[in-house]
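Enquirer: Just passing along the structure, written as structure tokens.
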Amino acid sequence: MKRHRTSQESLERNKRHAANITRVLSVYGYITDSYIIEFFTDNLWDSLPESWRVVLSDLPAPQLANQLLSNGNSAEVRYSSVWPLSLLALKVTAHSLAFQRTPRYEKIRGHQKRPAEFQHNHCQSSRLDPLFRKHVKPKKQHEIRQLGKLVKKLCDSTRCEDVVDVGSGQGHLSRVLAFGLGLGVTAVEADGHLVTMAAKFDQEVLYMLKKENFRPAKNGGIEVTSIPSPKPPRHVLACVDPQAPWEDFVRQLAGNAEETPLQSVGQNKMADDTRQTLANASTLHITTSTEDATNSKTTPETEAADPSARSCHGVTESRGDRRFLLTGLHACGDLSVAMLRHFAGCPGVAGITSVACCYMKLTTLEVPQPPGVLSADSDIREFGYPMSAWVSRLPGHKLSYKAREVACHAIEDYIERLKGDSEILRTHCYRAMLETVIRNVDPSMRRPGVQTIKKAHRLPFTEYAMRGLERVGLNPNTPLDEASVTHMLSQQQNVVVFFSLALLLAPLVETLILLDRMIFLQEQGFQCEVIPLFKPQFSPRNLVLVAAKDVSDLGDLLEEMTASDSAM
């Protein structure tokens, strides 16, 4: 009963949390809905309360970072003028309602820009075996090490030895899980080129293991395990359809591993050995039909007695039925949603760790309909947002494409730019000015995509405008109104202020999306938590949603893991 009450209390707390965020966004959501490139064309500055404009107008960037966006000790903030209570209340409310973005281990260690594992070498993690660092950027090294540890912890707690890595890309996380942590891994990826690269990198690890007989280094991190028969990840080339039922997903996993051309790395014999190893490796075998279930000694009687026997037996090997975990490192848009639905629906999935990204690519019913968002008559049975029945009934729960796009920005990075009063801050003003010029030339052209102009902030606006006009197919020699250009340039800092207000609210949008996913799972009786896993300055999308079946207390499990991180 205690566990049930605790789960119910968590659900009710999340519902209240989501409702509070929708109340805030119903009042100030117009800020996150606005396109900063329309600052001048739509007169965005005047959309703010006059009392806000008085105190924020031309506020220097470092003060803006300290007084508005930094979530530190309020007693240490020194305001340059008396702020209106509505602005102060919004700041405090936004910071308090957003999910915590700083991992516990970072709070203890301080506020170094880079994680501790990169203090001695900015490019190489000291807690990751060299084989896992090859071809991997520092950001990804940090992510695969942290997520790999969490997945292993969840595997141990759910008694699983097999993991499905959805959206596996070049297989960097899959190799850590397979070679570093000894798990059976099926890597699912829709891009054939990435699958080919992943198989090639697998070969390199196998070759080095065989050639140099690697042994684990004792540095407290993830190294290559000294297992007698290495099991490389099994790669499946497949596109996971978010609208398809979990049974279809299971059938994809049960299909044959993608035959990818294995390029020779060092020696042709190594490639041949790797091909044979991949063929002999333990793979995911899942029964997917009544006939398959019968062949695996499952009968209608056992199906009735045990619902988990229906169609999905998890990972099956000669020693019996086994379940598996789902993981996704920055699975884009609806792909993260599909994973959560498969976790909830498929009895064979014991747990999930989901790090999402690209919220603007979620399917959602939005009016008016921006480019790339599905219309009301689209053949969509379930939208990516909202997922939960509760949030779908909340007044003001809808999130625009632009709001979801703003939620994907690197907030900590922007704060650093403000603190350093970086010249890059000029870029938004330039683009907003260019939008004005474009519409003066062609009023029918709105928000055209302008290819990135290299080092735009270092150019005079006249040169920037020439390049921008050329990129959208307009006459680059269009004369500019010098008085208008001068006036708009004088408002550069106000452009920065408006964008900073949008970033203040952006974490609320991300928090609401993740709360919706948590409530979706909790409505079905599952335990779930959201924790900051990566250093946000290093990896802005750093929140991981963790859920598990048959775990006595997921909160205690995650507390134990973060405590161990703090001690390292």
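The values are calculated or read from the model by the stated rules, or taken from the named source; none is laboratory data. Values in this document were obtained by computation on a predicted structure and should not be read as measured data. Cβ atoms come from the backbone with ideal geometry, glycine included; neighbour counts cover every protein chain shown. Ligands, DNA and RNA are excluded from the accessible area calculation, which covers all protein heavy atoms including side chains. Shrake-Rupley method; radii C 1.70, N 1.55, O 1.52, S 1.80 Å.
Enquirer: Name the pairs whose Cβ atoms lie under 7 Å apart, with the first residue in the stretch 498-519 and of a type in the set (D, E, K, R), the second open to solvent by 10 Å² or more (accessible area, probe 1.4 Å), and 6 or more positions between them or separate chains?
Expert: 516/386; 516/387; 517/387
Enquirer: In addition: Checking residue 477 against (1) farther than 29 Å from residue 397 by Cα; (2) open to solvent by 40 Å² or more (accessible area, probe 1.4 Å); (3) touching a residue at least 40 places away in the same chain (Cβ under 8 Å), which test does it fail?
Expert: With (1) farther than 29 Å from residue 397 by Cα; (2) open to solvent by 40 Å² or more (accessible area, probe 1.4 Å); (3) touching a residue at least 40 places away in the same chain (Cβ under 8 Å) applied to residue 477, the lone miss is (3).
Enquirer: While we're here: If you check 204, 247, 258, which single one turns out to be assigned to a helix (DSSP H, G or I), at pLDDT below 95 and touching a strand residue (DSSP E or B) at 6+ places or on another chain (Cβ under 6 Å)?
Expert: 204
Enquirer: Could I ask something else about it? Here is a check on your reading of the model: is residue 431 open to solvent by 20 Å² or more (accessible area, probe 1.4 Å) and modelled with pLDDT of 95 or more?
Expert: yes
Conditions tested, residue by residue: (1) open to solvent by 10 Å² or more (accessible area, probe 1.4 Å); (2) among the acidic types (Asp, Glu); (3) on the phi > 0 side of the Ramachandran plot; (4) touching a strand residue (DSSP E or B) at 6+ places or on another chain (Cβ under 9 Å).
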site	(1), (2), (3), (4)
482	yes, yes, no, no
501	no, no, no, no
509	no, no, no, no
513	no, no, no, yes
521	no, no, no, yes
527	yes, no, no, yes
542	no, no, no, yes
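Enquirer: Given the condition of a type in the set (Ser, Thr, Tyr) and under 29 Å from residue 331 (Cβ atoms), answer yes or no: does some residue in the stretch 412-419 qualify?
Expert: yes
Enquirer: Condition test on residue 46, is it open to solvent by 50 Å² or more (accessible area, probe 1.4 Å), within 20 Å of residue 402 (Cβ to Cβ), within 31 Å of the chain's Cα centre (by Cα) and not hydrophobic (A, V, I, L, M, F, W, C)? Even if it seems obvious, please write down each step before you answer.
Expert: Details: open to solvent by 50 Å² or more (accessible area, probe 1.4 Å): yes; within 20 Å of residue 402 (Cβ to Cβ): yes; within 31 Å of the chain's Cα centre (by Cα): no; not hydrophobic (A, V, I, L, M, F, W, C): yes.
The answer is no for residue 46.
Enquirer: Okay, next question. Residue by residue through the stretch 166-200, note down the ones that are within 15 Å of residue 238 (Cα to Cα) and open to solvent by 20 Å² or more (accessible area, probe 1.4 Å).
Expert: 167, 170, 189, 190, 191, 192, 193, 194, 196
Enquirer: Looking at residue 79, is it open to solvent by 20 Å² or more (accessible area, probe 1.4 Å) and either closer than 23 Å to residue 513 by Cα or free of Cβ contacts under 8 Å to residues at least 12 places away in the same chain (or both)?
Expert: Judged against the criteria, residue 79 is not a match.
Enquirer: Read through the list (1) closer than 25 Å to residue 413 by Cβ; (2) part of a helix (DSSP H, G or I); (3) in contact (Cβ under 8 Å) with a residue 24 or more places away in the chain, then give the number of the only condition that residue 51 fails.
Expert: Condition (1) is where residue 51 drops out.
Enquirer: Another question, if that's okay. Residues in the stretch 406-417: is at least one surrounded by 13 or more Cβ atoms within 10 Å (Cβ to Cβ), touching a helix residue (DSSP H, G or I) at 6+ places or on another chain (Cβ under 6 Å) and over 30 Å from residue 532 (Cβ atoms)?
Expert: No: zero hits.
Enquirer: While we're looking at this one, here's another question. List, please: which pairs have Cβ atoms under 6 Å, are six or more places apart or on different chains, and start with a residue in the stretch 332-346 that is farther than 24 Å from residue 408 by Cα and end with one that is at pLDDT 95 or above?
Expert: These pairs meet every condition: 343/326; 343/349; 343/352.
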